[in-house]
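This report refers to the structure that appears directly beneath it.
The values are calculated or read from the model by the stated rules, or taken from the named source; none is laboratory data. As the structure is a computational prediction, the values presented were derived from the model and not from experiment. A quick note on method: Cβ atoms are made from the backbone with ideal geometry, for glycine too, and the neighbour counts reach across all protein chains shown. What goes into the accessible areas is simple: the full protein's heavy atoms, side chains included, and nothing from ligands, DNA or RNA. Shrake-Rupley method; radii C 1.70, N 1.55, O 1.52, S 1.80 Å.
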Amino acid sequence: MDLQKLETTARELVTPGQGILAADESHGTITKRFEAVGIESTEETRRDYREMLFTTEGIGEFLSGVILFDETIRQEASDGRLLSKVLEDQGVIPGIKVDMSTVAMPLSPEEKYTQGLDGLAGRLEEYVGMGARFTKWRAVITIKDEELPTRQCIEANARALALYAAFCQEAGLVPIVEPEVLIDGDHSIERCYEVTEATLRSTFGALYEHAVELTGMLLKPNMVISGKEAERQAGVEEVARMTVECLKRSVPAAVPGIAFLSGGQSQLQATQHLNAMNQMYDDLPWQLSFSYARALQEQPMEIWGGDSSKVSEAQKAFYHRAKMNGAARSGSYSDDMEEQAA
Ligand code: 13P
């Protein structure tokens, strides 16, 4: 294993002022998001949409990496360059989602287990040949009252994440380890804290058992936040504090960076929360960054709407959102930066 190469890539992905765009939605997910704004989902519309995002001028200033889906890493832009080459030409590192999505957890059907370990080494080799330098695997943990998650769901997913990470490091790819505790439900922020801490401890226990090098990986967790339907919604500072306190107790200092998912927060909340964390804490061992899908894409997708005459307007919105999150990386974002642009 070339640890130095892994460490260099991991650090590059959490370069101050920059973060990651997750553009790795599966066909099912992107179809749902497209349909919500009236876009038909075809191989061509998915390509055009992602080309629109990736060719946004100057995006490399705020994006260190983009996570691609298997279909996208094989597609070409309209000028004949591979979409992964378009990213490289922007100074952005191409990455790839390598899990094969979730199935119902056996004997606990309300929970999910992420599959994709079989044949993984062979698929990674192919992606290395296509220029990918990092990967993502997402596990999903569901909260339901005191009943869920079950211990076996947390542990089975932690084990799979650790094996995935080990396969990736062996192949020379930086693994992004993503155990997502879902925002869905009416649980309190305290319950989210408790489940997130248990999930992260179990994940890092498994990573240790599988000898994964912590300096050559990144963590992509949820923020510690109130359930979407909870009566009391925690404020920005509370989310920032609870999230960092939870991470301090469960993430080893050797991990170079933590890149949050947005997980159903509004685009403004996702920026405000990250900003508050970086403003309130200046002595953390890891970079606190973003790896957002919805919080970066919501507005540009809606503006684009499948209409080629809207490309530059959509790119402007995408650039703005990336810039705001770039500012949140150093705690220098403020609400009036939104108004200035409007
Ligand atoms: P969201 O930011 O929309 O949660 O997506 C991030 C991601 O990559 C989920 O796997």
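Considering the chain as a Gaussian network with a 10 Å cut-off on Cα pairs, which listed residue, G119, G305, G227, attains the greatest mean-square fluctuation?
Fluctuation is largest for G119.
Given the options M105, M324, M52, which has the most mean-square fluctuation in a GNM of the chain, springs set between C-alpha atoms less than 10 angstrom apart?
M105
Run through all the Cα pairs of the chain and give the fraction in each 20 Å bin from 0, expressed as whole percent.
The distribution over the chain is 32, 62, 6, given as percents.
How large is ³J(HN,Hα), in whole Hz, for each residue of segment 176-189 in order, when computed from phi with the Karplus curve 6.51 cos²θ - 1.76 cosθ + 1.60 and θ = phi - 60°, using x for Gly and Pro?
Residue by residue, segment 176-189 yields 9, 9, 10, x, 9, 7, 5, 7, 5, x, 10, 6, 7, 5 Hz.
PRE reach from V37 (point 7 Å along Cα→Cβ): which of segment 267-302 fall under 20 Å by backbone N?
So the set is 267-272, 291-302.
Residue by residue through segment 296-311, what is 3J(HN,Hα) from phi via Karplus (6.51 cos²θ - 1.76 cosθ + 1.60, θ = phi - 60°)? Round to whole Hz and write x for glycine and proline.
So the J values, rounded to whole Hz, are 9, 9, 3, 5, x, 5, 5, 5, 4, x, x, 9, 5, 6, 9, 4.
Enter the accessible area per residue of the chain (Å², integer; probe 1.4 Å; all protein chains in place).
41
Just from its helices, what would the mean residue ellipticity at 222 nm be for the chain, if runs of 4 or more DSSP H residues each count -39500 (n - 2.57) and the sum is divided by every residue, rounded to the nearest 500 deg cm²/dmol?
It lands at -14500 deg cm²/dmol.
How high is the relative contact order of segment 48-90? Use alpha-carbon pairs under 8 Å, at least six apart in sequence, and give a whole percent.
Relative contact order, segment 48-90: 46 percent.
In bins 5 Å wide, starting from 0, what share of all Cα pairs of segment 43-104 does each bin hold, as a percent?
In whole percents, the pair-distance histogram is 4, 18, 30, 23, 14, 6, 3, 2, 0.
In a shell of Cβ-Cβ distance under 12 Å around P256, excluding P256 itself, what net charge do Lys and Arg (+1) and Asp and Glu (-1) give?
Here the charged neighbours net out to -2.
Would you work out what percent of the accessible area of the chain, with all protein chains in place, is carbon or sulfur (probe 1.4 Å)?
Percent of accessible area from carbon and sulfur atoms in the chain: 48.
State, as an integer percentage, the relative contact order of the chain based on alpha-carbon contacts under 8 Å between residues 6 or more apart.
It rounds to 19 percent for the chain.
Can you check what the net charge comes to around S308, using other residues whose Cβ is under 12 Å from the Cβ of S308 (Lys, Arg +1; Asp, Glu -1)?
It works out to a net charge of -4.
List, largest first, the extents of the alpha carbons of segment 1-160 along their principal axes, each in whole Å.
For segment 1-160, the Cα spread along each principal axis is 51, 46, 33 Å.
If you filter segment 1-51 for GluC sites (Glu not before Pro), then keep DSSP loop positions with at most 13 other Cβ within 10 Å, what is left?
Those that pass, being in a loop and sparsely packed, are E40.
Please build a GNM for the chain, connecting alpha carbons under 10 Å apart, and tell me which residue among T15, T114, T42 fluctuates the most.
Of T15, T114, T42, the Gaussian network model singles out T42 as fluctuating most.
So what's the net charge close to R81: Lys and Arg +1, Asp and Glu -1, counting the other residues with Cβ under 11 Å from its Cβ?
Taking every Cβ under 11 Å from that of R81, the sum is -4.
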